[in-house]
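Enquirer: There's a structure below that I have some questions on.
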Amino acid sequence: MRLLLVEDDPELGRQMTAWMADAGHALTWLENGADAMQWLCAHSCDAAILDAGLPDMDGFALVEHLRKRGVQTPVIFLTARASVADRVRGLAAGGDDYLTKPFAAEELLARLDALRRRAAQTQAMPSLRRVGNSVLDPVRRRINRGQEVVDLQPREWTLLEVLMQHEGRIVPKQFLLEQVWDIRFDPGTNVVDAMICRLRRKLEAAGSSLRIETIRGKGYAFQKDPA
């Protein structure tokens, strides 16, 4: 895999560079958020391993900014922040996984392999399919309606896929937490509601017939208007 490491701890950076080389991965190591922002906007890689506590900016805010600019590189947060609130915030910001320090090299490598498998499954899906008045592109995680194009973050795409798999049925929030965020408890935050709102805004801005209804006190339901 081609990897980017953003970590300001020199000892950990050197150690991880050695681990990735031993595992056969190509690693680029940067030490601050500004350089990471510039690099990710100009280069592609299979995954970024990102310290949440960078010297020049908050790692969560960095990922939020990247997602807004259309950078879809999978991100594993690497941080000493171990609280549930921090883990949920990292995932809600657009991160794909979260690993707390200290950690074992074997666990990080296993999580990178899991990201690679998910990417391979996405690329193995049919390239295009029509739902309502929209064409879904699972490889680019993109929705097309005529000349309008909606780019989705990886977790937004997964959320939409889960809802579409249960079209016309109520999907509880807890089920979405398990399927989309791999969280098997109620974190007491609005991470699901916030992402549903973002997804709705993107669909509505493009005039898509794909709709997500709120079923008060129960969850959400996916519907599509006639094409």
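Enquirer: Can you tell me the length gained on complete extension of the stretch Q147 to R129, counting 0.36 nm per residue apart and subtracting the Cα distance?
Expert: Values: separation 18, 0.36 × 18 = 6.48 nm, distance 1.63 nm.
Result for the pair: 4.8 nm of gain on full extension.
Enquirer: Along the charge dipole of the chain, which of W181, L203, S83 sits closest to the positive end, that is, farthest toward it, with unit charges on the beta carbon of Lys, Arg, Asp and Glu (+1, +1, -1, -1)?
Expert: Toward the positive end, the furthest listed residue is L203.
Enquirer: For the range 87-103, what does the Karplus curve 6.51 cos²θ - 1.76 cosθ + 1.60, with θ = phi - 60°, yield as ³J(HN,Hα) per residue in whole Hz, taken in order and with x for Gly and Pro?
Expert: The phi angles translate into 4, 5, 4, x, 5, 5, 6, x, x, 9, 7, 8, 10, 8, 7, x, 9 Hz.
Enquirer: Quick one: net charge around L136, please, counting Lys, Arg +1 and Asp, Glu -1 for every other residue with C-beta under 15 Å from its C-beta. Mind dumping the intermediate values first?
Expert: Details: positive: R129, R130, R140, R141, R142, R145, K202, R211, K224; negative: D137, E148, D151, E156, E161, E167.
Taking every Cβ under 15 Å from that of L136, the sum is +3.
Enquirer: Something else now. Return the tail of the calculated pair distribution for the chain, meaning the percent of Cα-Cα pairs more than 33 Å apart.
Expert: Details: 4868 of 25651 pairs.
Beyond 33 Å sits 19 percent of the P(r) for the chain.
Enquirer: Considering Cα pairs under 8 angstrom that are at least six residues apart, work out the relative contact order of the chain and quote it in whole percent. Could the numbers behind the result be given before it?
Expert: Details: 352 pairs, mean separation 32.2, N = 227.
About 14 percent, as a whole number.
Enquirer: Could I have the simple spin-label model distance between K224 and R118, label points 7 Å from Cα toward Cβ, reported in nm to one decimal?
Expert: 2.4 nm
Enquirer: Quick one: net charge of G207's neighbours, Cβ under 10 Å, K/R +1, D/E -1?
Expert: In short, -1.
Enquirer: Would any residue of the range 199-227 have its amide N under 16 Å from a label point 7 Å out along Cα→Cβ of I170? List them or say none.
Expert: The answer is 213-223, whose backbone nitrogens lie closer than 16 Å to the label point.
Enquirer: Here's another thing I want to ask about it. Taking every DSSP beta bridge that has both residues in the chain, what percent is antiparallel when rounded to the nearest 5? Write down the numbers at each step before the final one.
Expert: On the way: 18 of 35 bridges.
Around 50 percent of the beta bridges assigned by DSSP in the chain are antiparallel ones.
Enquirer: Count charges around R111 for me, please; just the other residues with Cβ under 12 Å from its Cβ, Lys/Arg as +1, Asp/Glu as -1.
Expert: Details: positive: R116, R117, R118; negative: D96, D97, E106, E107, D113, D182.
Counting the neighbours of R111, the net charge comes to -3.
Enquirer: Which far-off residues, 5 or more places away or on another chain, put their amide H under 5 Å from the one on V171, with H placed in the peptide plane?
Expert: Amide H to amide H, under 5 Å and 5 or more residues apart or across chains, V171 pairs with Y220, A221.
Enquirer: Please work out the C-alpha center-to-center distance from the range 157-227 to the range 98-113 and express it in whole Å.
Expert: Taking the Cα centre of each part, the range 157-227 and the range 98-113 sit 29 Å apart.
Enquirer: Only loop residues by DSSP count here, and only those with at most 10 other Cβ atoms within 10 Å; note down the chymotrypsin sites (Phe, Trp or Tyr not before Pro) in the range 144-227 that meet that. Walk me through the intermediate numbers first.
Expert: Values: sites: W157, F175, W181, F185, Y220, F222; in loops: F185.
For chymotrypsin sites (Phe, Trp or Tyr not before Pro) across the range 144-227 that sit outside H, G, I, E and B with at most 10 neighbouring Cβ atoms in 10 Å, the list reads F185.
Enquirer: Which angle between 0 and 90 degrees, to the nearest 10, do you get for helix 10-22 versus the longest principal axis of the chain when only C-alpha atoms count?
Expert: It works out to around 70 degrees.
Enquirer: Continuing with this model, one more query. What's the ranking of 138-148, 67-77 by average number of surrounding C-beta atoms within 10 Å, highest first? Intermediate results must be reported in sequence, preceding the final value.
Expert: Numbers: 138-148: 15.2, 67-77: 18.2.
In descending order of packing, they fall as 67-77, 138-148.
Enquirer: Relative to the present Cα-Cα distance, how much length would full extension add between H65 and H25 at 0.36 nm per residue of separation? Numbers along the way, then the final one.
Expert: Numbers: separation 40, 0.36 × 40 = 14.40 nm, distance 2.66 nm.
Going from the current span to full extension adds 11.7 nm.
Enquirer: Which residue, chosen from Q72, L152, N133, occupies the Cα position most advanced towards the positive end of the dipole of the chain, where the dipole is computed from +1 (Lys, Arg) and -1 (Asp, Glu) charges on Cβ about the Cα centre?
Expert: N133
Enquirer: Antiparallel versus total DSSP beta bridges in the range 2-123: what percent is that, nearest 5?
Expert: Details: 1 of 18 bridges.
Of those bridges, close to 5 percent are antiparallel.
Enquirer: Pull up all non-local amide H partners of A48: gap of 5 or more, or a different chain, and H-to-H distance under 5 Å with H placed in the peptide plane.
Expert: It is L4, V75, I76, by chain and number.
Enquirer: A further question on this structure: Given 0.36 nm per residue, what is the gain on full extension from D46 to R140 after removing their alpha carbon distance, in nm?
Expert: Values: separation 94, 0.36 × 94 = 33.84 nm, distance 1.41 nm.
Fully extending the segment from D46 to R140 adds 32.4 nm.
Enquirer: May I ask for the angle, rounded to the nearest 10°, between helix 105-124 and the longest principal axis of the chain, with both axes built from Cα atoms and the value confined to 0 to 90°?
Expert: Around 30 degrees separate the two axes.
Enquirer: Whose amide H sits under 5 Å from the amide H of V131, counting only residues 5 or more places off or on another chain, with H placed in the peptide plane?
Expert: L136
Values quoted throughout were computed directly from the atomic coordinates according to the rules given, and no laboratory measurement underlies them. Keep in mind that what you see is a predicted model, and the values were worked out from it rather than measured. So basically every Cβ, Gly included, is an ideal-geometry build from the backbone, and we count neighbours across all protein chains shown.
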